[in-house]
Amino acid sequence: MEKIWAGRASGITDPVADDFNSSISFDSRMAVQDITGSIAHAAMLGKQGIITPEEADVLTDGLKGILSDLKSGALAIDMKAEDIHSFVEAELTARVGDTGKKLHTARSRNDQVALDLRLYLRDETDAITEKVTALIASVTEKAEEYKEAIMPGYTHLQRAQPVVFGHILCAYAMMLTRDLGRLADARKRLNISPIGSAALAGTTYPTDRRFEASLMDFDGICLNSLDGVSDRDFVIELLSALSLIMVHLSRFSEEIILWSSSEFGFITLSDAFTTGSSIMPQKKNPDMAELVRGKTGRVYGDLVALLTVMKGIPLAYNKDMQEDKESVFDACDTVKKCLDVFAPMIAGMTAHPERMRKAAQTGFINATDLADYLVGKGLPFRTAYKISGQIVAFCQKNDLVLETMTLADYRSFSDLFGEDVFDAIDLDACVRRRVSEGGTSVSSVEKQITWLKSEILK
Ligand code: ARG
């Protein structure tokens, strides 16, 4: 196929260089966006009298024909083309003749590729937003199911204070709501049209960039043509948002892996989202969660790759920027796959409240409540803290827990202890009393669930 840029140059390149230079193997996935952009461009050229209305119609019909033939499979993309832009233009010219050669008036592949990528990533952002929302729905539903299941809450992975499982699940749902916010924010800056920036300096033709942008539902246009063709912030911002989604999924995965181990025994994943071992018949492996945790590194890699590509290139377009696509496509694909597997994995997860409660009973996780009890009797917190610490040490030495101490034992540490100490350290009471907004009491968790449902999942 003759090079789109043959003219000054012969256009005859070494096959090794062709192969190295070509982007069709990955930018072919922007075919729909490339054609959509070209249809808008033809309409603008026609409206502005840069081409005749009849020529605009010829171009539009030809492009629509290519689109429907690609969709039906009647037309296959020629993988020998340099990129998707040259393929579409060559196919158009083959179909409609010389008029096809007018399509590229007042534009360059530099603004064209920036446009295609923005259109493509806008759809990806919307698809990922939908999937994050579906995951929040699945997590919220589980939180509701287990809003009363008491388990140890941890700091430093040491048993700390009792919480309900629903509270932990709501914490993950909250992280995901911030991800939705970041996607929406990235979308705002992404949804600005670069087309009409042309190669770098704008164009001599009387174009109407705002009209062309409005045909593709953009919220505005890039205000500087050099910036319009050189900006890849929108890709990096999306990659950052995707990386943070992966941070959250990876942390969640880590907990799921721990909770489903025999050591914890807090949850069981469904057979549909676990695997077995080829040698150890007893195994039920949390492969999905492990893979999500593993794929997180890959998405960070995509982000760092593009940050590095962009950091040293001068204005305006440089071919380095062709490297943006494989990274961001990989990140979008990976995040979508992870979200697709995560939502049903959570839906199929069964918790074991009795095991959780048992773990909560053995880690002195009510020691803070014991100190609070003494504060209630008039001691300063620091003094109460010290006495409670001595009691924990006493228990550990005598193989006791706070619940199995006698009142006489307690009174040997302070006269302030009365029979009501046992109510104060009762696990259910410990949870019930944590009514501060955002806390772990069932009523606070219910409020979090209500907020998620009414504000996010509406
Ligand atoms: N395949 C190129 C890319 O992805 C398209 C833009 C080519 N522009 C150019 N001046 N060679 O960046």
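The values are calculated or read from the model by the stated rules, or taken from the named source; none is laboratory data. Note that the structure is predicted; figures quoted are calculated from it, not measured. Glycine also receives a Cβ, built like all others from the backbone with ideal geometry; neighbour counts cover every protein chain displayed. The area values use the complete protein model at the heavy-atom level, side chains included, leaving out ligands, DNA and RNA. Shrake-Rupley method; radii C 1.70, N 1.55, O 1.52, S 1.80 Å.
Observations on the model:
- ARG293 satisfies every condition listed in (1) within 16 Å of the ligand (Cβ to nearest atom); (2) open to solvent by 40 Å² or more (accessible area, probe 1.4 Å); (3) within 15 Å of the chain's Cα centre (by Cα) except (1).
- Candidate set: the stretch 70-86, residues that are in a helix (DSSP H, G or I) and over 15 Å from GLN322 (Cβ atoms); chosen: the one nearest to the ligand (Cβ to nearest atom): LEU70
- All positions within the stretch 302-336 that are more than 16 Å from the ligand (Cβ to nearest atom) and without any contact (Cβ under 8 Å) to a residue 12 or more places away in the chain: VAL304, THR308, LYS311, GLY312, ASP333
- Residue match in the stretch 11-23 (condition: within 16 Å of the ligand (Cβ to nearest atom), at pLDDT below 95, surrounded by 12 or more Cβ atoms within 10 Å (Cβ to Cβ) and under 13 Å from PHE87 (Cβ atoms)): no
- Residues in the stretch 172-199 that are farther than 30 Å from SER138 by Cα and buried (at least 17 other Cβ atoms within 10 Å of the Cβ): ILE192, SER193, PRO194, ILE195, GLY196, SER197, ALA198.
- Pair list, Cβ < 8 Å and 6+ apart or interchain, from the stretch 347-373 residues that are over 14 Å from PHE266 (Cβ atoms) to residues that are part of a helix (DSSP H, G or I) and among the basic types (Lys, Arg): ALA347/LYS142
- Wholly enclosed helices (runs of 4 or more DSSP H) of the stretch 407-454 bearing at least 2 residues closer than 12 Å to ASP369 by Cα: 421-424, 427-432
- When GLU419, GLU403, GLU354 are checked against the criterion of being open to solvent by 20 Å² or more (accessible area, probe 1.4 Å), among the acidic types (Asp, Glu) and modelled with pLDDT under 95, GLU403 stands alone in meeting it.
- Considering the conditions (1) within 27 Å of ASP111 (Cβ to Cβ); (2) under 21 Å from the mean Cα position of the chain (by Cα); (3) open to solvent by less than 60 Å² (accessible area, probe 1.4 Å), VAL299 is excluded by exactly one of them, (1).
- For the stretch 216-238, a residue qualifies if it is open to solvent by 80 Å² or more (accessible area, probe 1.4 Å) and either within 17 Å of GLY37 (Cβ to Cβ) or assigned to a strand (DSSP E or B) (or both), and the qualifying residues are ASP217, ASP219.
- Positions within the stretch 102-127 being under 17 Å from THR207 (Cα atoms), of a type in the set (D, E, K, R), within 16 Å of the ligand (Cβ to nearest atom) and outside any loop (DSSP other than H, G, I, E, B), in sequence order: ARG109, ASP111
- Filter result for LEU258 (open to solvent by less than 30 Å² (accessible area, probe 1.4 Å), at negative phi and in a helix (DSSP H, G or I)): no
- Options SER262, SER253: the member that is closer than 22 Å to MET151 by Cβ and free of Cβ contacts under 8 Å to residues at least 12 places away in the same chain: SER262
- Test: residue in the stretch 447-458 that is at pLDDT below 95 and under 45 Å from the mean Cα position of the chain (by Cα): yes
- For the residues LYS336, LYS311, LYS284, the requirement of being more than 28 Å from GLU237 (Cβ to Cβ) and basic (Lys, Arg) singles out LYS284.
- Enumeration of residues in the stretch 261-282 that are in contact with a Lys or Arg (Cβ under 6 Å, 6 or more places away or on another chain) and open to solvent by 30 Å² or more (accessible area, probe 1.4 Å): GLY276, SER277
- The helices (runs of 4 or more DSSP H) falling completely within the stretch 308-404 that include 3 or more residues that are of a type outside the set (A, V, I, L, M) and more than 26 Å from the chain's Cα centre (by Cα) map to 353-360, 367-376, 381-398.
- The set of residues in the stretch 200-215 being of a type in the set (S, T, N, Q) and open to solvent by 80 Å² or more (accessible area, probe 1.4 Å) consists of THR204 alone.
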